Amino acid sequence: MTRPLKPEPEEELSTPAPVSLRTAFWFWLKLGFISFGGPAGQISIMHQELVERRRWISERRFLHALNYCMVLPGPEAQQLATYIGWLMHRTKGGVIAGALFVLPSLFILIALSWLYIAFGELPVVAGFFYGIKPAVTAIVLQAAHRIGSRALKNNGLWAIAAASFTAVFAINVPFPLIVLAAALVGYLGGRWVPEMFRDGGHAAANASFGPALIDDHTPPPDHARFTWLRFTYLGAAGVVLWVLPMAVLTALFGWEGTLTQMGWFFTKAALLTFGGAYAVLPYVYQGAVSHYGWLTPTQMIDGLALGETTPGPLIMVVAYVGFVGAYVLHVFGPEQAFVAGAVAAALVTWFTFLPSFLFILAGGPLVESTHNELSFTAPLTAITAAVVGVILNLACFFGYHVLWPNGFSAGLEWPSLLIAIGAAVALFRFKRGVITVLLGCAAAGLCVHLLR
């Protein structure tokens, strides 16, 4: 009688070999060109590449880093890339990872912004944007729903969102005041009614993809431990990196100069991006369109559409705002309009993302140590709730300018309404991706435009 064969033991995966900075550089460069899909899509791509496929970092450490980035203002996907690059290869690795997450999008947006300004009146281009505008309205509405379904967990948070919408819609309260008021409500609420502001964060990690280079029990490297000396040094370096270009701009163009004001305005915007890019877009609109007049409302909607179709964080729409503002205003003169636009796009990108790098490189260990304290997280929970109301107001603003482009007296733009409904159905009912929806709506807009 033959003996039954024993089942072969599963082959155990070995720990990946150490990753050189050169290898990491090429990965982060690739990621910068394929990071479509907004924060959720970008985080999903990083999880697949870094946790599942390459095993550079374990599931728990990845989610720990993600939770950390979620409590900071700024684009969480870009900050997550910066964090992992920093954890693996110190400050140099963090700067490389964070910069390469942004630079491909910057160059693409400069090119697209120039094409939009130079050829936007051509029938084909105008037709595409006719269809894209209603799609953007549906996309912003979906963003409000997506964030609201995650953030509004009780009646108190719903009340904060409703008050935020009323404040910005009916009273036109500036976005920074809404953020400060929500933070104060969250701080006091965390002390008086803490159960309202408890947030479970991301789900616990259960999956195992084999041993990782930075595994669950890998001790944090020395550079990831908080010290006042390192914190002070990096904080001072960040201040210098902000002051020097601002001083040069002030010396060349004066404090009221367009480029100087762009630098100052987008520095403030960078510190208010709790809740993602959609949260700060109303503030950018208030400043860039209403206060400074760098863009028209229509150009702002078109810029968001361009931002949705390029890789990188959606907040990169600020590069478009800078380019169009400097180009149209002829900051360097009529013959140097493209140069002015490109310089402005690079400057606003610098001022927008500099705080994100500082939050990770200088304040990361300190913020991480306080992540689970309610006194720290409750204000952020309230801010996120207020952001839902602000984004809903943004959807109303876009809807008005798309569906009644010449005012209520001129009548409803029925083709735009039908395209917007189609985009909403595709997004909400059939769960289609943003790029697919934008392309479909652009084709529909081109048909409408050519048939008129």
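The values are calculated or read from the model by the stated rules, or taken from the named source; none is laboratory data. Note that the structure is a prediction, hence the values are computed from the model and not measured. We place every Cβ from the backbone using ideal geometry, glycine too, and count neighbours over all the protein chains shown. When the accessible area is computed, the model is the full protein with side chains, heavy atoms only, and any ligands, DNA or RNA have been set aside. Shrake-Rupley method; radii C 1.70, N 1.55, O 1.52, S 1.80 Å.
Some points to look at:
- Electrostatic dipole magnitude of segment 49-175 [Cβ: Lys, Arg +1; Asp, Glu -1; Cα centre; debye, to 20]: 500
- The share of alpha-carbon pairs in segment 296-350 lying farther apart than 17 Å comes to 36%.
- Tail beyond 21 Å, pair distance distribution of segment 317-452 (Cα, percent): 69
- Relative to the dominant Cα principal axis of the chain, helix 317-329 is inclined by about 30°.
- Net charge dipole, the chain: roughly 380 debye, given to the nearest 20, about the Cα centre with Cβ charges of +1 for Lys and Arg and -1 for Asp and Glu.
- Percent of C-alpha pairs per 10 Å bin, segment 221-343, short to long: 12, 36, 32, 15, 5, 0
- Relative contact order for segment 308-428, counting Cα pairs under 8 Å that sit 6 or more residues apart, in percent: 13
- Per-residue SASA remark: residue 108, around 50 Å² accessible (1.4 Å probe; ligands, DNA and RNA not included).
- Put 69, 447 in order of accessible area, highest first, and with a 1.4 Å probe you get 447, 69.
- For the pair residue 443 and residue 406, a Förster radius of 30 Å applied to the C-beta separation gives a FRET efficiency near 0.75, rounded to the nearest 0.05.
- Relative contact order, percent, the chain [alpha-carbon distance under 8 Å, six or more residues apart]: 32
- With eigenvalues of the C-alpha gyration tensor scaled by 5 and rooted, segment 125-173, Å: 29, 15, 5
- The slack in the chain from residue 45 to residue 184, taken as 0.36 nm per residue of separation less the alpha-carbon distance, amounts to 46.5 nm.
- Angle between the chain longest axis and helix 123-151 axis [Cα atoms, degrees, rounded to 10]: 50
- Between 0 and 90 degrees, the angle of helix 21-34 with respect to the longest Cα principal axis of the chain falls at about 40 degrees.
- Ordering 238-251, 283-296, 13-26 by mean Cβ neighbour count within 10 Å, with the highest value first, yields 283-296, 238-251, 13-26.
- Nonpolar atom fraction for the chain, defined as the carbon and sulfur part of the 1.4 Å probe accessible area, stands at 66 percent.
- Probe 1.4 Å, protein heavy atoms only - accessible area per residue of the chain in square angstrom: 48
- Both the radius of gyration and Dmax for segment 76-183 are 19.8, 51 Å, in that order, over alpha-carbon atoms.
- Sorted largest first, extent of the chain alpha carbons per principal axis (Å): 87, 66, 52
- Of the residues 159, 149, 115, the one whose Cα sits farthest toward the positive end of the charge dipole of segment 108-227, with +1 on the Cβ of Lys and Arg and -1 on the Cβ of Asp and Glu, is 159.
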